[in-house]
Amino acid sequence: MGGVDITQGILLAFAALLEIPIAMILLSRVLGRKANRLANIVASVITIGFVVGGGSAYLHCYFFAAVEVACMLVVIWWSWKWPRPAEKR
C-alpha cells in the first residue's frame, strides 16, 4: 500500500489506535474525575494525530476527518472545563 509493507505489527498498531475511542466509553464511566479528565484529553490528542496523519486526499476523508477532529476538540474542551463536584449546576 503506497510502497509500505503492511505487516502484522503495523496492523496491530492501527488496531490499538482504533480501540482508543471505544475504550474511552468504558473508561469514562469507571475512572475518577482527575483520571477521567486526563484520559479524555490524552486519548483525544492521540486520536486527532491519528486522524490528521493517516488520512488520504479524498473529499470524503476530509469530511470524516473534520467531523472527528471537531468532536475530539469538543471532548478536550469539556474535559478541561469539567466542573468540580461542588461546582455542579
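Each reported figure results from applying straightforward, stated rules to the coordinates on display, with no laboratory input. Since the model is a prediction, treat every value here as computed from it, not as a measurement. Here the Cβ positions follow ideal geometry from the backbone for every residue, glycine too, while neighbour counts run over all protein chains shown.
Among all residue pairs at least 6 apart or on different chains, which show Cβ distances below 6 Å where the first residue, located in the stretch 60-72, is closer than 13 Å to P21 by Cβ and the second is in a helix (DSSP H, G or I) and among the charged types (D, E, K, R)?
Here the result reads none, with nothing in the stretch 60-72 linked to a residue that is in a helix (DSSP H, G or I) and among the charged types (D, E, K, R).
For every residue, the table says whether it meets (1) among the charged types (D, E, K, R); (2) in contact with a helix residue (DSSP H, G or I) (Cβ under 7 Å, 6 or more places away or on another chain); (3) part of a helix (DSSP H, G or I).
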{"site": "A16", "(1), (2), (3)": "no, no, yes"}
{"site": "A23", "(1), (2), (3)": "no, no, yes"}
{"site": "K34", "(1), (2), (3)": "yes, no, yes"}
{"site": "N40", "(1), (2), (3)": "no, yes, yes"}
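Take the residues in the stretch 9-33 that are charged (D, E, K, R) and surrounded by 10 or more Cβ atoms within 10 Å (Cβ to Cβ), then tell me which one is farthest from A66 (Cα to Cα).
R33
Please tell me if I6 is assigned to a loop (DSSP other than H, G, I, E, B) and either at positive phi or surrounded by 10 or more Cβ atoms within 10 Å (Cβ to Cβ) (or both).
Answer is yes for this residue.
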